[in-house]
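Written below as structure tokens is the structure these notes are about.
The values are calculated or read from the model by the stated rules, or taken from the named source; none is laboratory data. Keep in mind it's a predicted model, so treat the numbers as computed, not measured. All Cβ positions, even for glycine, are placed from backbone atoms using ideal geometry, and neighbour counts span all protein chains on display. We work out accessible area using only protein heavy atoms, side chains counted, and drop any ligands, DNA or RNA first. Shrake-Rupley method; radii C 1.70, N 1.55, O 1.52, S 1.80 Å.
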Amino acid sequence: MRVSPFALFLGVVFAYLVTLQPINDSDLFWHVETGRLTLAGDLPRVEVFSWTARGEPVFTDQWLGDLVLAVARAAAGWPGILALRALAVFALVALVVDAAMSARPRAPIVAAAAALPAILLSRFAWTDRPELLGLVCFALMIRLLRGGDRELLFAIPLLFVWAQLHGSYALGLGLILASCAARAIEEKPERWRFVPIASFAVLATLLGPSGLDAWTSSGGHFLAPPRFIAEEGAPDARTLPGAFFLITLALVIATASLGRRATLRETLVLVPVALVALTATRHTPLLAIAAVPFFASRWPDPIAGLRDRSPAAPEANLGRTRAFLIALLAFLPIAVLDAHVDESTYPRAALAAVPEGAGVFNQYDWGGWLLYAKPSTPVFIDGRLFPYVPDVLADYRAIVGAHPGWESVVARHGVKAMLVRPSDPIAVRATERGWRVAFRDAIAVVLIR
Amino acid sequence: MTRLGVPLLVGALAGALAAVQPINDTDVWWHLATGRETLAQGIVRSDLFSWTVRGAPVSTDQWLGQVVLYLSYAVAGWWGVALLRVVLVGTLIAIVALDASGRVQRPLAVVLATMPALLLTRAVAVDRPELAGFVLFAALLYLLRRGRAGSWRALVACTALVGVWANVHGSFALGAVLTGFVCIEGALRDVARRREYIAVALATLAVTLATPAGIATWTAPGSHFLSPPRDIQEWNVVDVRTPLGVAYAATLALLIASVLAGPRIDPREAVIVIPVAFLSLTAARQAPLLAIAVAPLFAERVAWALAFATRGATAQISRPASTFLAAAAVAIAAMAVAIAPRAPDERAYPRAALDSIPHGDGLFARYEWGGWLIWNAPATPVFVDGRLFQYRGAVLDDYQRIVTAKQGWRDAVTRRGVRALLVVPSDPVAVRARELGWRVIASSEMFVLIAAP
């Protein structure tokens, strides 16, 4: 598969731009810690970081993604994490733009315009999580599924790797099955050859450490997304990602209404992806990525007339472009060199006042960071969410919101200290009910019973 | 007549389904009270029902809808309110089916194409002017499609319809915008009729201003669109985990599949479908708009699929069969009239507290009980109610602060001069007030009435 220099160029540009973003994702820390345990040969199959769900089974569906993050961190510290993010964004943008360029060769303006919704929407997922690697796999899958038999076969090992990286692989399997179905309908002779391909695709998703359980995480997110988490909420047109998504959806309908008819394969990719994208804000980039070749192959080229009069693009320029790209890439280590964690939203100053051992109730958003910053204090809850659903999560919400009966929940769990925000209702109520304030600043308050 | 049989029957069935629903909408009460005041004293331009924003300007964009609602109540009591709903729902679905039957002859295709609208409009089959807005939306699309096909009278009727709509409900803005889009597209495409289209577009814009509120008529739809109150369930985004969300997602998926696959659709439909699809994604209450708008497209696709499946065999409905369907529709409509509720369902309201609540200013009651109190306890003005926009800002902030017992809630109670709280026993403020020893005047499993010191 030959990648266009223009796609590589844009990939490098966005890789640089993404290094300007700080390292502060609340989930990064538990991914790295999980990966660190895996790297030490101890893949966590049961909960080890919290005191509320200790010993409960946990998902292993992102073990490879966690491992990659941990390796990057172990190899180069936080610059390693930033370099991994830059590399993933480079791959994602390059794949997306290249998909557009291959659908519309010699029309870089159309390709860039077609790729723009995907870049804008995926930008909200350019964080240090396996999810970003899942998006790269998705973009590559879209690229492969537009090809022939060879590409379809390559899609199976990709799906296998994806299934170890992130739970979004389930969509990849759905797309392979849809593509097989479409091609079986379109290519009547030898249609049965798609049956083993589809079967191997299903098998590839079951070969991870979780086996059949690998589907639990994907199914749980799809059927019961935790709506109180912003990125799991339904797309909202009032937000920037929601507005971009709506525009993308409108563009799909407009392009389909006014442009050339879609093929069966395109239809069987775009319709399910649109449905999945509707389910949660974090899934909205999927539609934009899937629609890139569809847009690129149908949108008019504003400079087509000019280009037709100009001589053919000189192949010799490719050498210079590649040299330029290599020079740009050489500067990437400089961009990531001084990477560090931005802890401005985390309660670093409060840590000294937080007691060690079990019994500390913490803000959900700080759980992942806490298990990295103070490993001697197990967390009440953190961003892994599913080990805590439904009981611990319900108790967390009752306590942090100071709902009626919160004191009995605190007593039942044996909470001895709280690390919460000063604006949390519990911070006010617990103080009124006689909890001692051990630390307080603009970010956090530590309350001791 | 052959075209009318199926729409009448589907409409009658929808009306019968609407008749089964109880009268329990939280907003019907203040709509009725406003309609009554409008008939008694003229259009209500400032707040009459609350003690927190008394005298503040209020939106008049639904005055005609409220008057019609109150008249139905005045004529036949709660049965009249229910019958109005039955008629509106029946008319809405009948128009959708009629629009769907415009280009297809197969009755099954018309029925199947109408199903998404039937399912999605169940959520908006409530006793509010909003329901009339949906009927007018469906009627406008029918007229726009006829107008686009060459009927000058249909285009003129669009202007008149939007003129009425602007006095019934804020959703008229969508009608005006769609009329504008269709006219712009028509003027660009059909040079011979360009003047007609331009005249209709300008006249439609003008009639939206010929309302009691003048240019301010656009304020309510504008603020609802740009800043929907997400705290209210129906104004939240469509959630595909809910039954409504599933029906909506299926409709949207069918739309995308319809435009991607099969015979090419009329490109002029994009002028209607794209803005409606966009709007339908902004809030759950807008979701039915999509199903209403795409019914003709679905009918074409289903007819195409049926023709493909039956190898081109035609399936038109005969005149006697259509007459029979119309007669069945009349019978079903009569049944709907008979089963329509004759009293409101007040199980969600604190009726037992009515005798104990103090008269005059100072009662803090739950948001969703505000409208009911306006109607049932006129001597006790409300703190807040479903009219929402007039309370946005300080009043709504204080409401949230007090009901959830957030930091500073006691200051808010004192500053506002709250004398009593009428809330649910599990509300944080009820728990806190009891902990503080505030006197409980009356209570039940549903409510607690607490005197503020």
Original post:
How many residues are charged (D, E, K, R) and in contact with a helix residue (DSSP H, G or I) (Cβ under 7 Å, 6 or more places away or on another chain) if we restrict to the range A:379-406?
Top reply: 3
**OP:** For the range B:259-283, name all the residues that are part of a helix (DSSP H, G or I) and either free of Cβ contacts under 8 Å to residues at least 40 places away in the same chain or buried (at least 24 other Cβ atoms within 10 Å of the Cβ) (or both).
**Re:** B:Val259, B:Leu260, B:Glu269, B:Ala270, B:Val273, B:Ile274, B:Ala277, B:Phe278, B:Ser280
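Take the conditions open to solvent by 10 Å² or more (accessible area, probe 1.4 Å), touching a helix residue (DSSP H, G or I) at 6+ places or on another chain (Cβ under 8 Å) and either at pLDDT below 95 or part of a helix (DSSP H, G or I) (or both) and apply them to A:Val409. Does it pass?
yes
Considering only helices (runs of 4 or more DSSP H) fully contained in the range A:1-112, which possess at least 2 residues that are of a type in the set (D, E, K, R) and open to solvent by less than 50 Å² (accessible area, probe 1.4 Å)?
Working: elements: A:5-18, A:28-39, A:63-103.
Per the criteria, A:63-103.
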Original post:
If you go through the range B:390-401 one residue at a time, do you hit one that is under 28 Å from the mean Cα position of the chain (by Cα), assigned to a loop (DSSP other than H, G, I, E, B), more than 14 Å from every other protein chain (Cβ to nearest Cβ) and among the acidic types (Asp, Glu)?
Top reply: no
Subject >> Leading residue by the ranking (least open to solvent (accessible area, probe 1.4 Å)) among those in the range B:50-73 that are among the hydrophobic types (A, V, I, L, M, F, W, C) and touching a Lys or Arg at 6+ places or on another chain (Cβ under 8 Å) >> reply: B:Leu69
Subject >> Criterion violated by A:Ile197 - all others in (1) in contact with a helix residue (DSSP H, G or I) (Cβ under 7 Å, 6 or more places away or on another chain); (2) among the β-branched types (Val, Ile, Thr); (3) closer than 27 Å to A:Ala125 by Cα satisfied >> reply: (3)
Original post:
Would you pick out the residues in the range A:254-290 that are polar (S, T, N, Q), surrounded by fewer than 24 Cβ atoms within 10 Å (Cβ to Cβ) and under 21 Å from A:Pro241 (Cα atoms)?
Top reply: A:Thr255, A:Thr279
**OP:** Could you run through the range B:359-390 and say how many residues are of a type in the set (A, V, I, L, M, F, W, C) and open to solvent by 20 Å² or more (accessible area, probe 1.4 Å)?
**Re:** 3
Original post:
Among the residues of the range B:202-236, how many are facing chain A (nearest Cβ under 10 Å) and either in a helix (DSSP H, G or I) or open to solvent by 20 Å² or more (accessible area, probe 1.4 Å) (or both)?
Top reply: 5
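Kindly evaluate B:Phe389 against the criterion of being under 29 Å from B:Gly35 (Cβ atoms), at pLDDT 95 or above and outside the structural domain of B:His31 (by TED's automatic domain parsing). So that I can check it myself, show each step before the final result.
On the way: under 29 Å from B:Gly35 (Cβ atoms): yes; at pLDDT 95 or above: no; outside the structural domain of B:His31 (by TED's automatic domain parsing): yes.
Considered against the rule, which asks whether it is under 29 Å from B:Gly35 (Cβ atoms), at pLDDT 95 or above and outside the structural domain of B:His31 (by TED's automatic domain parsing), B:Phe389 comes out as no.
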Subject >> Flag for B:Arg311 being open to solvent by 50 Å² or more (accessible area, probe 1.4 Å), more than 14 Å from every other protein chain (Cβ to nearest Cβ), at pLDDT 90 or above and out of contact with any helix residue (DSSP H, G or I) (no Cβ under 7 Å at 6 or more places or on another chain) >> reply: no
Original post:
Within the set of pairs 6 or more residues apart or between chains, which connect a residue that is open to solvent by 40 Å² or more (accessible area, probe 1.4 Å) inside the range B:103-129 to a residue that is basic (Lys, Arg) and at pLDDT below 95 with Cβ atoms less than 8 Å apart?
Top reply: B:Ala123/B:Arg285
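Quick check on the range A:430-440. Is at least one of its residues open to solvent by less than 20 Å² (accessible area, probe 1.4 Å) and without any contact (Cβ under 8 Å) to a residue 24 or more places away in the chain?
Checking the range A:430-440: not a single residue is open to solvent by less than 20 Å² (accessible area, probe 1.4 Å) and without any contact (Cβ under 8 Å) to a residue 24 or more places away in the chain.
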**OP:** Could you please find all residues in the range A:376-406 being more than 33 Å from the chain's Cα centre (by Cα) and assigned to a helix (DSSP H, G or I)?
**Re:** A:Trp406
Original post:
When both residues are 6+ apart or on different chains and their Cβ atoms are under 7 Å apart, which pairs have a first residue that lies in the range A:102-125 and is assigned by TED's automatic domain parsing to the domain that holds A:Leu10, and a second that is among the charged types (D, E, K, R) and part of a helix (DSSP H, G or I)?
Top reply: A:Arg106/A:Arg307; A:Ala125/A:Glu131; A:Ala125/A:Arg282
**OP:** State whether the residues of the range A:172-183 include one that is part of a loop (DSSP other than H, G, I, E, B), over 28 Å from the mean Cα position of the chain (by Cα) and among the charged types (D, E, K, R).
**Re:** no
Original post:
Which of (1) surrounded by 19 or more Cβ atoms within 10 Å (Cβ to Cβ); (2) more than 14 Å from every other protein chain (Cβ to nearest Cβ); (3) farther than 13 Å from A:Val354 by Cα does A:Pro425 not meet, given it meets every other one?
Top reply: (2)
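Would you mention how many residues in the range A:201-221 are touching a Leu at 6+ places or on another chain (Cβ under 9 Å) and either within 14 Å of another protein chain (Cβ to nearest Cβ) or open to solvent by 70 Å² or more (accessible area, probe 1.4 Å) (or both)?
Of the residues in the range A:201-221, the ones touching a Leu at 6+ places or on another chain (Cβ under 9 Å) are A:201-202, A:204-206, A:208-209, A:212, A:214-215, A:218.
From what's left, either within 14 Å of another protein chain (Cβ to nearest Cβ) or open to solvent by 70 Å² or more (accessible area, probe 1.4 Å) (or both): A:212, A:215.
Qualifying residue count, the range A:201-221: 2.
Could you tell me whether any residue of the range A:281-290 is out of contact with any Pro (no Cβ under 6 Å at 6 or more places or on another chain), under 24 Å from B:Pro267 (Cα atoms) and not in a loop (DSSP other than H, G, I, E, B)? Don't jump to the end; show me each part of the working.
Within the range A:281-290, the subset out of contact with any Pro (no Cβ under 6 Å at 6 or more places or on another chain) is A:282-283, A:285-287, A:289-290.
Okay, now just the ones that are also under 24 Å from B:Pro267 (Cα atoms), so A:287, A:290.
With not in a loop (DSSP other than H, G, I, E, B) added as a condition, the list becomes A:287, A:290.
Yes, because at least one residue in the range A:281-290 is out of contact with any Pro (no Cβ under 6 Å at 6 or more places or on another chain), under 24 Å from B:Pro267 (Cα atoms) and not in a loop (DSSP other than H, G, I, E, B).
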Original post:
Any idea which residue in the range A:254-267 is farthest from the other protein chains (Cβ to nearest Cβ), counting only those that are within 20 Å of A:Gly174 (Cα to Cα) and of a type in the set (Val, Ile, Thr)?
Top reply: A:Thr263
Original post:
Of the conditions (1) closer than 24 Å to A:Val415 by Cβ; (2) touching a residue at least 24 places away in the same chain (Cβ under 8 Å); (3) not basic (Lys, Arg), A:Val48 fails just one. Which one is it?
Top reply: (2)
Original post:
Do we have any residue at all in the range A:230-253 that's at pLDDT below 90, more than 9 Å from chain B (Cβ to nearest Cβ), in contact with a helix residue (DSSP H, G or I) (Cβ under 6 Å, 6 or more places away or on another chain) and open to solvent by less than 20 Å² (accessible area, probe 1.4 Å)?
Top reply: no
